Structure formats: structure tokens, C-alpha cells
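What follows is a set of notes on a single structure, which appears directly below.
The values are calculated or read from the model by the stated rules, or taken from the named source; none is laboratory data. Because the structure is a prediction, the values reported are computed rather than measured. For neighbour counting, all protein chains shown are included, and Cβ atoms are generated from backbone atoms with ideal geometry for every residue, glycine included. Each accessible area value is taken on the protein alone, full model and side chains, heavy atoms only, with ligands, DNA and RNA left out. Shrake-Rupley method; radii C 1.70, N 1.55, O 1.52, S 1.80 Å.
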Amino acid sequence: MSIAVTRQDDVVIRFAGDSGDGMQITGNQFTDTTAKVGNDLATFPDFPAEIRAPAGTRAGVSGFQIRFSSTDIHTAGDIPDVLVAMNAAALIMNYKDVAPGGIIIANTGNFTERDLQKAKLATNPLEDGTLDGYRVIAIDINARVTEALAGSPLTSKDVLRCKNFYVLGLMYWLYSRPIEPTLEWLAAKFAKKPELADANRTALRAGYNSGDIHEVFQGRYEVVPVENAIPGTYRNIMGNHALALGLVTGAELANLKLFLGSYPITPATDILQHLAELKEFGVITCQMEDEIAGICTAIGASYAGLLGCTTTSGPGLALKTEAMGLAVMTELPLIIVDVQRAGPSTGLPTKVEQADLLQSLFGRNSDAPLPVLACATAADAFDCAVEACRIAVQYMTPVILLSDNYIANGAEPWRLPEMDKLPRFPAAQVTDPAGYAPYARDGKLARPWAVPGTPGLEHRIGGLEKENITGNVSHNPENHQLMSEIRRDKVLGVRDTIPTPEASGPREADLLVVGWGSTYGAIRSGTERLRREQNVSVAHLHLRHLWPLPYGLDEIFARYKQILVPELNMGQLSRLLQGEYPDHRFLHFGKVKGKPFTAREIREKITAVLEGKS
Amino acid sequence: MSAVQLTPKDLKSDQEVRWCPGCGDYAILNATQAALAEIGVPREKMTIISGIGCSSRFPYYMGCYGFHSIHGRAAAIATGTKTANPDLSVWVVTGDGDAMSIGGNHLIHAMRRNVDLKILMFNNQIYGLTKGQYSPTSPAGLKTKTSPYGSVDLPFNPINLALGSGATFVARTVDTNPKHIKSTLLAAAAHKGIAFVEIWQNCVIFNDGAWKDWSTKDARAERTIDLQPGQPLVFGKDNEKGLRISGGEVEVVAAADADVWDPTTAAPLAYIMAYLDEREDLPHALGIFRQHDKPTYDGAVKEQIDSLTAKKGKGDLKKLIYTKDAWQVG
């Protein structure tokens with residue numbers, strides 16, 4: 001009997017299991033294969049902060065959501081069409097999100113009395129009516145994997161660890177994806193452990209074949225490739241990886257070697273890990289004793305003529321602030337990457353928030369202005385990293401680049417840049433002693449970068465206020481006023497080299513939604529759908545440069561009757577905009593639940609505002 | 001011998017030196033300029049990096065590159081500078097407060113990593129720039145503005161801290177003996193790896209005479225012993241006394257029976273020499289406590305980059321970004 005294949009345009013799948021079940025690997029494999037099929041996609045990994053919470057408990061549930069589509073999409077989807085629940089805890093933590101009538105695939109092998117107890121369930125949700133209204137596919141995956149791997153040299157425990165590949169195979173079958181890319185990945189991954197490669201291959205094939213054999217599904221689905229995608233070469237990329245690549249690229253465009261001084265912290269650590277692999281690019285990575293040393297080595301490296309960079313997350317940014325002031329004072333190029341997470345303090349280290357904006361803008365003693373950028377998506381992280389390098393080098397200034405946990409671990413297809421066409425911005429390190437002064441200025445108010453080792457340019461810099469031009473220590477009150485103004489004006493001057501962003505949607509409308517950072521996808525999806533389906537008069541403006549703000553925003557704001565600012569904090573961008581553009585009113589819409597906005601939340605808020613209910 | 005021949009004057013900057021009259025820093029500055037003039041490094045390749053405190057004004061007075069940074073962080077900044085460019089001769093000037101309090105973490109890790117830095121730690125057992133509070137090296141009981149009834153903190157022994165952190169070159173000198181400073185700094189400069197040099201320094205204003213029992217010329221002869229490689233452990237006005245170490249105990253013997261000092265030995269004798277400080281009956285040690293050869297951090301970083309570049313070829317950005325996973329649209 002042949003099984004019918006139905007075409008779908010847009011699918012959201014969530015894999016959920018215990019944090020030892022390999023859900024992130026399963027999700028990433030499904031993502032990579034889906035990217036190769038040519039769908040647009042977005043992912044949202046959601047894992048616990050504990051490395052291994054007790055197995056089978058609610059605290060240990062790890063999730064990975066992927067949305068893939070035949071059209072251009074911006075978010076990982078609000079509502080899963082399919083939930084794969086590897087155990088009872090994963091089911092109970094996730095089933096409520098699933099679309100009515102959606103598919104729930106449950107591994108009944110992990111719904112024993114003991115599993116129910118660990119998940120704090122009095123009755124079995126597969127049997128007690130909890131899942132009424134869903135299409136439940138109950139499969140004892142543990143048993144199926146054990147059958148498939150009968151005769152394997154692996155222990156029964158290791159055999160069971162292959163169950164995620166069984167599930168992956170099943171999902172490949174259900175959504176008509178090829179298994180070959182994962183077969184290749186397994187061969188490479190377990191090149192030195194062929195018995196593990198074999199077992200996982202067998203599990204993957206068994207899962208794939210089970211779709212036909214066991215007839216638990218009435219049909220299969222197909223999501224065809226995006227048709228009107230922008231031509232180019234694409235690859236799938238996660239935000240932290242894109243950022244690392246952007247930093248290496250930025251350094252090369254500046255004709256400098258990259259130096260990273262860093263300290264491991266979730267969710268920024270991957271950037272250090274990625275860059276540590278790039279020795280043949282001359283990238284120096286120093287894993288230092290603490291966050292302060294991380295930024296200080298970067299400052300020391302910039303002083304020595306390299307492009308210094310440091311990566312961190314919220315609490316680490318707080319520790320780096322004194323050194324940032326030193327970088328402002330000494331006017332050395334420096335990139336400070338902050339992959340924001342929910343705080344304050346340790347907060348929710350694996351959950352998303354965008355609440356370090358005001359710290360980035362103002363979190364230093366005295367007036368210590370520096371440019372602040374934020375990336376909007378995983379692929380955008382590459383461009384923003386290059387842009388941060390450009391500003392740092394051209395203006396001799398530290399720059400803060402804000403990413404967040406949603407971008408860091410989320411993936412999307414990335415249209416690769418034409419490397420030869422990227423604009424270069426070679427650093428102008430001075431070598432000529434004639435007329436050299438440490439605090440002389442160029443047209444951008446940048447001071448000359450004289451690197452130790454250069455004869456005739458011996459000079460002293462430091463945290464004490466410097467006399468204009470000469471760079472000698474100065475306590476002169478007039479000089480401090482002057483230097484403070486120069487530092488301010490230099491950073492404001494960055495506006496001369498950044499474009500005025502364009503709003504997407506109508507040029508004039510009832511409402512403008514202004515966003516920054518990772519809320520891009522939800523706002524873009526929400527506003528597009530409201531315009532398309534309900535003819536709502538709404539536009540979206542997304543800010544990449546948060547300081548200085550680009551020219552022309554005043555005129556843009558004036559074209560809209562109301563302005564809504566959704567952000568994952570208690571009101572930071574809205575407060576900044578209110579202060580900078582007092583003629584307009586900025587309506588803050590905040591969420592601090594450790595989760596990204598859904599497009600639906602954005603739509604509902606816009607509707608409420610336009611109906612005067614908010 | 002390098003062709004570069006400087007004079008101490010070449011290493012003076014045009015800035016007026018502003019320490020309190022009588023401050024021990026003047027002698028250290030002069031001796032440092034004299035030493036650095038002789039190390040064969042052109043001045044554009046010398047960089048002095050300091051933290052915060054009286055001693056940390058040092059870079060302004062030196063005619064080479066200099067970086068007066070922030071409190072406690074000089075060792076970290078210098079680690080970045082030296083790793084970025086191992087060709088530079090990087091000197092860190094710091095004080096007991098700067099290095100051992102706020103900067104303690106960076107100090108021990110720079111020593112553990114064996115970054116090829118020369119750390120000069122001026123120890124006056126007091127916070128001078130903040131006007132007289134006890135420091136991590138102040139003796140217990142010291143009465144200061146923040147310890148009016150006597151400090152109850154127990155002090156660090158900087159030499160022991162350095163030895164315990166794995167520093168490959170550990171030495172001590174004193175501001176009252178410029179010749180000794182100079183020879184110690186020359187030995188530090190010749191050492192490949194981190195050099196930690198404690199310099200007893202007198203603060204005339206807030207802790208005058210802290211070292212006078214050991215630092216005056218007469219006291220030095222009787223109450224200190226100079227640890228010089230290959231030399232016998234002798235002291236006294238006429239070098240008539242000596243030290244012998246047996247069974248972990250130190251005893252005073254006639255000069256002829258003294259042990260010969262070897263700072264390259266792996267044995268824990270260096271620790272024993274540091275513990276002389278705690279013995280009233282024995283001289284405090286100056287000179288070179290330890291001198292070990294180990295790979296440097298900056299050298300290892302460079303070597304790893306060089307060998308991987310040789311193996312893989314110079315990184316190609318386009319290949320890095322256009323992976324085999326990429327696919328074509330349109």
C-alpha cells in the first residue's frame with residue numbers, strides 16, 4: 001500500500017526529551033538536512049541550565065524547535081504542529097503548546113509508573129484524556145530500537161542511547177527528507193568508534209523504515225523548497241558561529257590579526273570555542289582567569305596593534321566595565337561582545353532576555369561613550385561583527401556588540417557574502433614620527449594608533465585624563481571639558497557612516513513597531529501578517545545601531561500616529577528613545593519570561609493598541 | 001652582545017618626576033633606567049605597563065612605550081601585549097597593594113602561565129597613594145588609618161606567593177642598593193619567562209623605615225644574605241658567616257662551610273630561603289630565589305599558531321565561510 005504524500009507550506013516540529021536524550025543533536029541534524037532540502041528555516045533550542053538534571057524530571061527537559069517552510073520565514077514558530085516527546089516529563093512540559101489537532105509522538109517506553117512519578121504525574125497522560133484533541137502516535141521507541149539493534153556489540157544502555165536517531169529517521173520519513181546527510185555526519189563523527197556509527201545508522205534507518213512498515217501514519221508530508229529565495233550560496237548557521245566568523249572577517253578587512261581574550265560563560269562560550277579552532281588565521285585566543293583579565297588582555301593586544309576582542313554574557317559584562325572605561329580613555333579599538341541572557345546576577349543563564357542595553361550605553365563611571373550595536377538574527381550576527389570591527393578601527397574606540405541567547409543558539413539559512421566584495425577598512429597604524437602626537441585627531445576625531453615596536457613614536461597612554469594633542473597627563477579643568485566633548489563628538493560622529501534604517505511596511509501608518517535585537521523575527525512576522533491578512537496599517541523599524549542612533553529617526557517617527565516598542569526587558573529602548581526624541585511617545589511592551597516573543601503576542605498587542613485597549 | 005647601546009638618559013622621558021622627596025622610587029627608577037640601557041633592546045621595543053599607585057606612575061618617566069592602566073590589571077594587560085607581540089620587552093611595574101590585593105588573581109595566573117613578563121613589585125607594606133592604609137604585606141599589628149588598633153590581617157610573603165604560583169624567576173632586591181637592583185634586573189631581563197622581582201621600597205610619608213632593620217647598608221651586611229647563583233651563602237660585615245641547609249633546617253656556620261647557592265635546583269630550597277623572613281635569628285634573603293627554564297606562554301601561543309599554519313596552510317577566509325555544506329539557490 002502506498003502512503004499518500006501531502007504538501008505543506010510551513011511546519012513546526014518540537015523535539016523534547018531528557019537532557020541526556022540527545023535532543024539538540026537530533027534537532028541540529030534535522031535542521032542541517034532541512035537546510036539542504038532548500039527550505040527556509042529557523043530554530044529555537046531550549047535547554048536547562050543544569051548539565052544533567054535528574055533523568056526523567058521536569059527540570060531536565062531539553063527541547064529543540066524547528067520551523068521550516070516553502071516561503072521566507074522569520075521565527076521558529078509559535079505553535080508546534082508536531083511534538084516528539086521522549087518521556088512523560090517532556091510531554092507534560094510541552095503538549096499545551098501544540099496546535100489543536102496537532103501530532104504528538106510519544107515514546108511509550110518512557111511512560112512507566114516510575115517515569116510518571118519522576119514527572120510528578122498521578123495518572124498517565126497518554127490514557128487519562130489529557131491529550132484529547134491531539135493526534136497521538138504512541139510508539140515504544142525503546143523496544144523498537146532494542147529490536148533493531150539486536151545482536152549489536154553495544155550494552156543495552158548504549159543501545160537505548162540510539163533512540164534519538166530512530167526518532168530522527170521517523171521524522172525524516174514523515175517529512176520526506178533524505179537520510180544521507182545524517183549518515184555522512186555519523187560516519188565522520190564516529191570515525192574512531194565504528195560500532196557507535198553502525199548502531200546509530202541502524203537506528204536511523206529503522207526509524208525511517210518504520211514509517212512504511214508499521215502504518216502508524218496515514219500519510220506523509222512534503223515541504224517543497226523556497227521558490228523565490230534570493231539567489232546565492234547558502235549555508236545553515238547559528239548566531240554564535242556567525243559572530244565568530246564575522247570577527248575573523250572583520251579583522252581581515254581591517255588588515256589586522258584578531259585577538260580574543262575571554263572567559264567561558266553561557267551563552268557566549270561558543271564564540272571562544274569557534275575562534276580557538278582558527279589558529280591558521282593567526283587568531284590568538286586566550287582563555288583568561290576571569291572576565292576582567294579577558295578584556296584587559298584584549299586591551300593589551302590592541303595596544304600592541306592587534307584587533308582586541310572580548311566575549312561575554314551579562315554578569316561578565318558588569319565585571320568588564322572598569323576596563324571599558326580605560327579603553328574609552330586610551331581610545332584603543334576593542335570589540336566587546338555581550339551575548340545577553342536573562343538576569344540580573346546569574347539569572348536564567350540559558351534563557352533569553354535583552355536587558356543589557358542600558359548597561360551597555362551607560363554602565364561605566366563618568367561620561368564614557370562608546371558605540372553600541374545589536375544583531376537581529378543568526379546571519380545578521382556576521383554582518384554586525386564586521387560592522388563593529390569597522391567602527392572600532394576607524395574611530396579608535398571600544399564597541400559593544402549585543403547578541404542574545406536566542407540568536408546565539410538559533411539557526412537559519414545564511415546567504416553567504418561575496419567575500420571579495422566586502423568593503424575593506426584597513427587600519428591606519430602610524431609609523432612616521434614627523435608631526436606625531438598621541439592625541440592628535442583625524443577627520444573622524446580618531447587619534448593615531450602608534451604601536452609599540454615603532455621607532456620614534458614612544459609615548460605613554462593610560463587611564464588618567466590626557467592633555468589634548470600631547471597626551472600628557474592633565475588635571476586642567478578646561479582640558480577635561482574639552483576632552484570629554486571630543487570623546488562624545490567622536491562617538492556621535494559614527495552617525496556619519498551608518499545608514500538611516502528603513503521601515504518595512506507603509507511609509508505612513510497608524511502604528512510603527514520599533515524593535516532591536518532578536519525580536520526581529522517575531523515583529524517582522526507579526527506585522528507582515530497583520531498587513532496581509534487584516535489590512536492593518538502597521539510598519540516595522542528595526543534598529544541595528546543603538547548608539548549613536550542613526551540620523552533621520554525623528555522624521556521617520558513623525559510619519560506614524562503611534563509607536564510601539566516591544567522588547568524583552570522592562571523598558572530600556574523605549575526609555576532611550578523617549579529621552580532622545582521627546583516629541584514622540586513611545587509605548588513600551590515588555591516581556592521577561594526567559595522566552596522570545598511569539599509573532600502572535602506581537603499581533604495581539606498591536607491590535608490592542610490600535611483598538612485603544614492598551 | 002647586541003648592537004643596541006643605550007644610555008640611562010635615553011630612557012628618561014620629558015616628564016617631570018613627581019614622587020615625594022626621599023621616596024625610594026627615585027633610586028629604583030634610576031637603577032631601572034641604568035639596567036634597561038644595557039639589555040640590548042632598542043627603546044621602541046620596550047614597554048612598561050603599570051597599574052595604579054605611586055609606583056605605577058613609573059611609565060610616564062620612562063622614555064619608551066608605556067601604559068598606565070587601572071588598579072590591579074597591569075599583569076593582565078601586559079599578558080595581552082606580550083602575547084600579541086612576543087618581540088616586545090614587556091615590564092610590569094606595580095606595588096604591593098596593586099599586585100597582591102586587587103590584582104592578586106592576575107598576578108598568580110601570569111606567573112603560573114610563565115608569560116615572558118618582568119614584574120617589578122615595589123613593596124612598601126602600605127597603601128601610599130590613598131594615604132596610608134595597611135596593605136596585604138603589612139605586618140600584623142600595624143597601626144594605620146584603617147587599622148587604628150593594629151591590623152589583624154596576616155600578611156603575604158610575596159616571594160612565597162611567587163614561588164607557589166610557579167614563577168620561573170623569583171628575586172628580591174632593595175631600594176637602598178641601586179647596584180643590586182641593577183644586577184637583579186639584568187638577570188631578570190636575561191631570563192626567558194616570567195620574572196617576579198620584589199623590591200623593598202621605603203615610603204617616607206606613610207610607613208617610613210618599614211625595612212630599616214634590613215635595608216640600611218650596615219643592616220644589610222649583618223641581617224641579609226644575597227642569593228647569587230654559584231656563590232656561597234655568606235653574609236656578615238666581612239662575609240665571615242654562612243648558611244648551611246640540612247634536613248630542611250637552616251643553620252649558621254662559618255663562611256668556609258657555607259652551601260653554594262643554586263637557584264636552578266628543583267629542590268624546595270627557595271621556599272626555605274623565603275621562610276628565613278620568619279626567623280629572627282637568621283638573615284632575610286635578597287637576590288635570586290629561583291631560576292627555572294620552562295616554555296613561555298607567549299612562545300607557546302605563537303608556536304601553536306605557526307605550526308598549525310605550516311600544517312594547514314594560511315587560513316583562507318572564503319574556504320572557511322563557503323563550507324561543503326553550502327548550497328546554491330538560483
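Descriptive notes on the structure:
- Residue count for the range A:413-434, restricted to those that are open to solvent by 30 Å² or more (accessible area, probe 1.4 Å), out of contact with any Lys or Arg (no Cβ under 9 Å at 6 or more places or on another chain), at pLDDT 95 or above and assigned to a loop (DSSP other than H, G, I, E, B): 9
- Residue within the range B:172-187 that is surrounded by 19 or more Cβ atoms within 10 Å (Cβ to Cβ), more than 20 Å from B:ILE225 (Cβ to Cβ) and in contact (Cβ under 8 Å) with a residue 24 or more places away in the chain present: no
- The listed residues are A:LEU116, A:LEU83, A:LEU91, A:LEU131, and the only one of them that is in contact (Cβ under 8 Å) with a residue 24 or more places away in the chain, part of a helix (DSSP H, G or I) and closer than 30 Å to A:ASP10 by Cα turns out to be A:LEU91.
- The single residue among A:GLY308, A:GLY294, A:GLY261 that is within 11 Å of chain B (Cβ to nearest Cβ), open to solvent by less than 10 Å² (accessible area, probe 1.4 Å) and within 16 Å of A:THR249 (Cα to Cα) turns out to be A:GLY308.
- Condition check for A:THR269: among the polar types (S, T, N, Q), away from chain B (no Cβ under 11 Å) and open to solvent by less than 10 Å² (accessible area, probe 1.4 Å): no
- Test: B:SER69 is surrounded by 20 or more Cβ atoms within 10 Å (Cβ to Cβ), within 14 Å of chain A (Cβ to nearest Cβ) and of a type outside the set (A, V, I, L, M, F, W, C): yes
- Test: residue in the range A:283-290 that is in contact with a Ser or Thr (Cβ under 9 Å, 6 or more places away or on another chain), acidic (Asp, Glu) and facing chain B (nearest Cβ under 8 Å): no
- Some residue of the range B:30-41 being facing chain A (nearest Cβ under 10 Å), surrounded by 24 or more Cβ atoms within 10 Å (Cβ to Cβ) and within 25 Å of B:SER183 (Cα to Cα): no
- Applying the condition of being away from every other protein chain (no Cβ under 14 Å) and open to solvent by 20 Å² or more (accessible area, probe 1.4 Å) to the range A:23-35 and asking which residue is farthest from A:ASP158 (Cα to Cα) yields A:GLN24.
- Residue match in the range A:318-328 (condition: more than 25 Å from A:VAL283 (Cβ to Cβ), of a type outside the set (Ser, Thr, Tyr) and touching a helix residue (DSSP H, G or I) at 6+ places or on another chain (Cβ under 6 Å)): no
- The listed residue being at negative phi and surrounded by 19 or more Cβ atoms within 10 Å (Cβ to Cβ), out of B:THR265, B:THR224: B:THR224
- Within the range B:158-167, at least one residue is assigned to a loop (DSSP other than H, G, I, E, B), within 19 Å of the chain's Cα centre (by Cα), among the hydrophobic types (A, V, I, L, M, F, W, C) and surrounded by 18 or more Cβ atoms within 10 Å (Cβ to Cβ).
- B:VAL92 vs. criteria without any contact (Cβ under 8 Å) to a residue 60 or more places away in the chain, buried (at least 24 other Cβ atoms within 10 Å of the Cβ) and of a type in the set (Val, Ile, Thr): yes
- Helices (runs of 4 or more DSSP H) lying entirely in the range B:251-330 (those with 2 or more residues that are within 14 Å of chain A (Cβ to nearest Cβ)): B:297-312, B:317-321
- Of the criteria (1) closer than 30 Å to A:PRO455 by Cα; (2) within 11 Å of chain B (Cβ to nearest Cβ), which one A:GLU331 fails: (2)
- Filtered residues of the range B:72-120 (kept if among the polar types (S, T, N, Q), facing chain A (nearest Cβ under 10 Å) and more than 26 Å from A:TRP449 (Cα to Cα)): B:ASN105
- Test: residue in the range B:229-250 that is open to solvent by 80 Å² or more (accessible area, probe 1.4 Å), under 30 Å from B:ALA76 (Cα atoms) and more than 24 Å from the chain's Cα centre (by Cα): no
- Within the range B:117-134, being without any contact (Cβ under 8 Å) to a residue 40 or more places away in the chain and surrounded by 24 or more Cβ atoms within 10 Å (Cβ to Cβ) holds for one residue alone: B:TYR134.
- Residue identified as touching an Asp or Glu at 6+ places or on another chain (Cβ under 9 Å), open to solvent by 10 Å² or more (accessible area, probe 1.4 Å) and closer than 25 Å to A:ARG205 by Cα among A:ASP97, A:ASP140, A:ASP40, A:ASP81: A:ASP81
- Leading residue by the ranking (most open to solvent (accessible area, probe 1.4 Å)) among those in the range A:153-170 that are part of a loop (DSSP other than H, G, I, E, B) and over 20 Å from A:THR26 (Cβ atoms): A:PRO153
- Evaluation of A:TYR520 against (1) free of Cβ contacts under 8 Å to residues at least 40 places away in the same chain; (2) closer than 26 Å to A:THR43 by Cβ; (3) in contact with a strand residue (DSSP E or B) (Cβ under 9 Å, 6 or more places away or on another chain) (one fails), failing number: (1)
- Residue selection: A:PRO452 fails the criterion of being at negative phi, in a loop (DSSP other than H, G, I, E, B) and more than 14 Å from chain B (Cβ to nearest Cβ).
- Taking the listed residues A:HIS584, A:HIS588, the one that is within 18 Å of A:LEU546 (Cα to Cα) and free of Cβ contacts under 8 Å to residues at least 24 places away in the same chain is A:HIS588, with no other qualifying.
- Check on A:ALA49, away from chain B (no Cβ under 14 Å), in contact (Cβ under 8 Å) with a residue 12 or more places away in the chain, out of contact with any Gly (no Cβ under 7 Å at 6 or more places or on another chain) and under 19 Å from A:GLY129 (Cα atoms): no
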